[in-house]
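**Q** If you scroll down you'll find the structure; I have some questions about it.
The values are calculated or read from the model by the stated rules, or taken from the named source; none is laboratory data. Computed from a predicted structure; not experimentally measured. Cβ coordinates were reconstructed from backbone atoms using ideal geometry, including for glycine residues, and neighbour counts include every protein chain displayed.
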């Protein structure tokens, strides 16, 4: 009991801030000083910033030591009581006067005092909390910006304007500033308000980008810039919206997902283009990646002339309204094509004289209905993983008819057949049509009919 009373007396001196001297409390050896502590002030500042003192490993270790000091035992070592309440709050300690622990307890930096170790741990916790908050703000900003980007795409598609890809949209000056770590949450929330200044600034950036991009693509096609105040015929189609404004990628020579049937890139599809082998996040879209699709332009111009239209007054909608009126003169069997499939199909063949490749059928009565049975979008659907209607098991009834030789095959057999016999490495919608399935006959008895009545 004498030892326990001595320990409690020393702890009371420690709390009261007695003059500087060594106080032997068994497990601790403190040089106690009067006055305020610089470490104590730093601890208070860190608490105000949200750092939790109880999460410090060193603080928890020292609190356990102090709790053991408050435990009271009798002379036989039997536990009597435990006054742990003062140990729950150690703010009264002058932390920067606590000497360093032994090397075994403090192997990293044995020269640091206990107070400095606690400060380091709390500063690390505060910095980690700030980083987590910053990352959360950035994630929220990206979600808001992406949502606004989708809204712009939906609204501009009907108006005729264009919106850059998401990566290029994020690189616009105003959007890039919003995605910085120091941007406040209040600013990003204004983006959803259509009348806000921030929304108008973003729209202005998009309009500037569109104007600059259109000028660069006009330069690629060598289209002269119109003079100011020059009268424009209302029936004239803008140069980049004409059916002869076609491009190809110089880096990958691919058209991308969903455009295999087209076989070329229009101005709007070039804006959305990403090279097949490039990762989505690392791909950097630039106008200088594209060049004129000379073969596609030649085919499109001949199709417009053959249909009796004018290039300057014809857009894609006008050509799609014609339907499958273009007859391929190179294939072994008559293949009728729409304008959307014409360019991709004709690129299969070696073109020496464009006038001998296909012709326009003016009269609908000249069309062979069997050859234009609809199979639009079937190849694209299969490439996206659709399995319904493409079953190739021996018991399957999903047969397809080859338009080049009228042979009936299942899907897997059709692909191999086109590659081996007809030498087409890429299967297209115009190469086949699905064989109509026989309708099941209804065998109704007199009793069944009576039941229905």
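**Q** So in segment 269-300, with the set limited to residues that are over 19 Å from residue 357 (Cβ atoms) and touching a strand residue (DSSP E or B) at 6+ places or on another chain (Cβ under 7 Å), which one is surrounded by the fewest Cβ atoms within 10 Å (Cβ to Cβ)?
**A** Among those that are over 19 Å from residue 357 (Cβ atoms) and touching a strand residue (DSSP E or B) at 6+ places or on another chain (Cβ under 7 Å), it is 291.
**Q** How many of the residues making up segment 366-383 are in a loop (DSSP other than H, G, I, E, B) and at pLDDT 85 or above?
**A** 0
**Q** Looking at 418, 414, can you tell me which residue is outside any loop (DSSP other than H, G, I, E, B), at pLDDT 90 or above and under 21 Å from residue 259 (Cα atoms)?
**A** Values: 414 fails: under 21 Å from residue 259 (Cα atoms).
After ruling out the rest, the residue left standing is 418.
**Q** Also, I was wondering about something else. Quickly run through segment 102-130 and pick out the residues that are in a helix (DSSP H, G or I) and either under 36 Å from the mean Cα position of the chain (by Cα) or modelled with pLDDT under 70 (or both).
**A** 114, 115, 123, 124, 125, 126, 127, 128, 129, 130
**Q** In segment 331-365, which residues are in contact with a helix residue (DSSP H, G or I) (Cβ under 8 Å, 6 or more places away or on another chain) and outside any helix (DSSP H, G or I)?
**A** Result: 333, 334, 335, 336, 337, 338, 347, 351, 357, 358, 359, 360.
**Q** Just to be sure, is residue 207 surrounded by 16 or more Cβ atoms within 10 Å (Cβ to Cβ) and either assigned by TED's automatic domain parsing to the domain that holds residue 321 or over 30 Å from residue 344 (Cβ atoms) (or both)?
**A** No.
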